[in-house]
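Below is one structure; the comments refer to it alone.
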Amino acid sequence: MSDALHEFDATDLAARLRSRELSAREVVQAHLDRIEQVNPAVNALVTLDPEGALVAAARADEHLARGAEVPPLHGLPIAFKDTHLTRGMRTTFGSPLFADHVPAEDDLVVDRLQRAGAIRLGKTNVPEFAAGSHTFNPVFGTTRNPYDTSRSAGGSSGGAAAALAAGLQPLADGSDMGGSLRNPASFCNVVGLRPTPGRVPPHPGGNLWDTLAVPGPMGRTVADTALLLSAMSGPDPRCPISLETPGAAFRVPLDRELRGLRVAWSPDLGGHAPADPDVLAVLEPQLSVLEALGCQVETACPDLAGADEAFRTLRAHSFDLALGVLLDAARESLKPSLVWNIEQGRRLTPADLIAATTVRSRLHLAAVDFFSRYDLLLAPVSQVAPFDAELEYPTEVAGRPTETYLDWMRSAYLISLLGVPALSVPAGFTPGGLPVGLQFIGAPRADLAVLRAGHAYEAATRHGRRRPDLPTS
């Protein structure tokens with residue numbers, strides 16, 4: 001059995017660990033073996049601590065043997081995103097400026113997952129300072145898509161998504177500003193949830209009131225993703241936007257009847273985010289699946305006028321706030337697209353920020369109105385299929401040339417601006433065998449409803465069960 005443990009769902013592994021059918025040492029060792037075999041082909045995990053993981057696994061087994069209660073992630077191995085601080089383990093942010101940086105504390109997400117019983121394996125690769133939805137950096141190189149290693153795994157949680165798809169870990173933490181969690185989930189045929197802002201409190205952070213960037217869970221199934229959300233979420237007094245709902249609210253059965261659900265489908269988000277034909281060719285047949293489940297499906301989209309400019313303004317402002325000091329101190333050590341984005345922030349005027357905030361407020365109210373008429377919005381996660389890993393970003397989308405590294409991410413980042421939960425679920429493959437994800441979007445704070453809808457769709461299609469064929473060393 002140990003040879004195939006890397007293929008087990010996290011929920012299945014968790015149950016077997018609690019019943020002592022499996023030991024944490026067996027599970028961790030099986031994943032370490034898998035990492036040794038296939039990580040060289042994908043470069044998903046970039047810092048490893050196998051000895052520390054096995055020591056922690058032994059402690060977990062001893063804890064259970066004493067008859068003590070165990071937390072929900074007991075014995076499950078996980079490597080943390082390399083933008084999330086890990087005490088005593090280097091966190092590089094994908095930057096040579098932090099290549100040897102070893103934090104003295106854990107991010108709140110990292111701390112919560114370890115307190116929930118997860119065992120730290122190491123770190124997953126990211127783009128430089130998580131900028132861009134393609135994972136490459138000068139410290140560790142490029143993460144490859146497990147379904148085609150010549151293609152991008154997406155980003156910024158690209159290492160996390162590739163590690164899930166390749167069987168290197170059963171769960172993964174991610175984060176998402178403009179699609180950093182959803183795009184790689186789509187590219188790697190796994191599941192990723194951008195939660196309602198405040199559902200998973202970020203700490204520490206420079207701007208405690210920021211609702212654009214959020215931490216979130218990833219898994220190979222919707223149930224696994226919900227399990228991880230249950231350990232990540234819940235209030236924290238240090239985060240002023242954190243929601244009061246306890247994490248245990250997501251540790252519930254996801255099965256539900258979808259009959260009568262009012263579903264809107266928007267292939268291009270009202271003309272603001274046209275997708276490539278090969279993406280739509282995969283997604284449009286999926287509507288019949290929802291209809292067969294009893295959903296009422298029609299084409300509709302919330303008002304997104306002004307969303308593109310507002311998102312770019314707020315993003316640029318956040319980059320200047322977070323990274324402006326590095327631009328002044330070490331411009332030559334930052335990639336050009338990052339320099340450009342910080343400089344965009346520096347050119348903003350108070351009038352620009354007022355306009356963006358005003359638009360965002362209007363868009364929120366439009367979304368609330370839209371979801372009073374629809375239970376769910378479906379859209380492409382990404383406007384393109386996984387692209388050439390040697391490119392920084394796609395050169396065109398739907399026949400239109402791209403001008404910046406953000407242009408191909410609109411189908412994800414326009415949704416970010418609404419402050420609503422959005423779930424990427426595997427939806428099939430292009431004729432060339434490249435994964436495509438479907439985005440399930442719900443009303444503000446309707447995270448559980450979105451998970452339940454995605455779970456029903458996943459059970460009906462099983463697209464996520466198709467695993468990559470990777471060479472082993």
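The values are calculated or read from the model by the stated rules, or taken from the named source; none is laboratory data. Keep in mind that what you see is a predicted model, and the values were worked out from it rather than measured. Reconstructed Cβ throughout: ideal geometry from the backbone, glycine too, with neighbour counts over all protein chains shown. These accessible areas exclude ligands, DNA and RNA; they are computed on the full protein's heavy atoms, side chains included. Shrake-Rupley method; radii C 1.70, N 1.55, O 1.52, S 1.80 Å.
In segment 321-344, the condition of being in contact (Cβ under 8 Å) with a residue 24 or more places away in the chain, touching a His at 6+ places or on another chain (Cβ under 9 Å) and charged (D, E, K, R) is met by no residue.
This table checks each residue for (1) under 19 Å from the mean Cα position of the chain (by Cα); (2) closer than 30 Å to residue 33 by Cβ; (3) buried (at least 24 other Cβ atoms within 10 Å of the Cβ).
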{"position": "398", "(1), (2), (3)": "no, no, no"}
{"position": "401", "(1), (2), (3)": "no, no, no"}
{"position": "416", "(1), (2), (3)": "yes, no, yes"}
{"position": "426", "(1), (2), (3)": "yes, yes, yes"}
{"position": "436", "(1), (2), (3)": "yes, no, yes"}
{"position": "446", "(1), (2), (3)": "yes, no, no"}
{"position": "453", "(1), (2), (3)": "yes, no, yes"}
{"position": "461", "(1), (2), (3)": "no, no, no"}
{"position": "471", "(1), (2), (3)": "no, yes, no"}
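Remark: pairs (first residue in segment 143-161, farther than 18 Å from residue 216 by Cα and in contact (Cβ under 8 Å) with a residue 40 or more places away in the chain; second residue assigned to a strand (DSSP E or B) and open to solvent by 10 Å² or more (accessible area, probe 1.4 Å); Cβ separation under 6 Å; 6+ apart in sequence or on different chains) = 145/151. State whether the residues of segment 95-112 include one that is open to solvent by less than 40 Å² (accessible area, probe 1.4 Å), more than 29 Å from residue 230 (Cβ to Cβ) and at pLDDT 95 or above. Among the residues of segment 95-112, at least one is open to solvent by less than 40 Å² (accessible area, probe 1.4 Å), more than 29 Å from residue 230 (Cβ to Cβ) and at pLDDT 95 or above, which makes the answer yes.
Considering 343, 332, the condition of being open to solvent by less than 60 Å² (accessible area, probe 1.4 Å), over 25 Å from the mean Cα position of the chain (by Cα) and charged (D, E, K, R) is satisfied by 343 alone.
Scoring residue 87 on the criteria (1) out of contact with any Pro (no Cβ under 7 Å at 6 or more places or on another chain); (2) free of Cβ contacts under 8 Å to residues at least 24 places away in the same chain leaves a single failure, condition (1). Select, from 23, 19, the only residue that is open to solvent by less than 70 Å² (accessible area, probe 1.4 Å), hydroxyl-bearing (Ser, Thr, Tyr) and free of Cβ contacts under 8 Å to residues at least 60 places away in the same chain. Sole residue among the options that is open to solvent by less than 70 Å² (accessible area, probe 1.4 Å), hydroxyl-bearing (Ser, Thr, Tyr) and free of Cβ contacts under 8 Å to residues at least 60 places away in the same chain: 23. Against the test of being in a loop (DSSP other than H, G, I, E, B), under 21 Å from the mean Cα position of the chain (by Cα), farther than 26 Å from residue 64 by Cα and aromatic (Phe, Trp, Tyr), the options 93, 129 yield a single qualifying residue, 93. Checking each residue in segment 5-16 for being part of a helix (DSSP H, G or I) and either open to solvent by 80 Å² or more (accessible area, probe 1.4 Å) or farther than 19 Å from residue 50 by Cα (or both) picks out 7, 10, 11, 12, 13, 14, 15, 16. In segment 347-368, is there at least one residue being within 30 Å of residue 162 (Cβ to Cβ) and modelled with pLDDT of 95 or more? No, there is no match, as no residue in segment 347-368 is within 30 Å of residue 162 (Cβ to Cβ) and modelled with pLDDT of 95 or more. For segment 182-195, the criterion of a residue being touching a Lys or Arg at 6+ places or on another chain (Cβ under 9 Å) and of a type in the set (Ser, Thr, Tyr) is satisfied by no position. Take the conditions (1) in contact with a strand residue (DSSP E or B) (Cβ under 9 Å, 6 or more places away or on another chain); (2) not in a helix (DSSP H, G or I); residue 71 misses just one of them, which is (1). Of the residues making up segment 312-335, those that are more than 24 Å from residue 349 (Cβ to Cβ) and part of a helix (DSSP H, G or I) number 4.
Residues of segment 40-57 that are touching a Ser or Thr at 6+ places or on another chain (Cβ under 9 Å) and either assigned to a helix (DSSP H, G or I) or not small (Gly, Ala, Ser) (or both): 40, 41, 42, 43, 45, 46, 47, 57. Take segment 365-393 and flag every residue that is open to solvent by less than 10 Å² (accessible area, probe 1.4 Å) and more than 30 Å from residue 446 (Cβ to Cβ). The one that is open to solvent by less than 10 Å² (accessible area, probe 1.4 Å) and more than 30 Å from residue 446 (Cβ to Cβ): 389.
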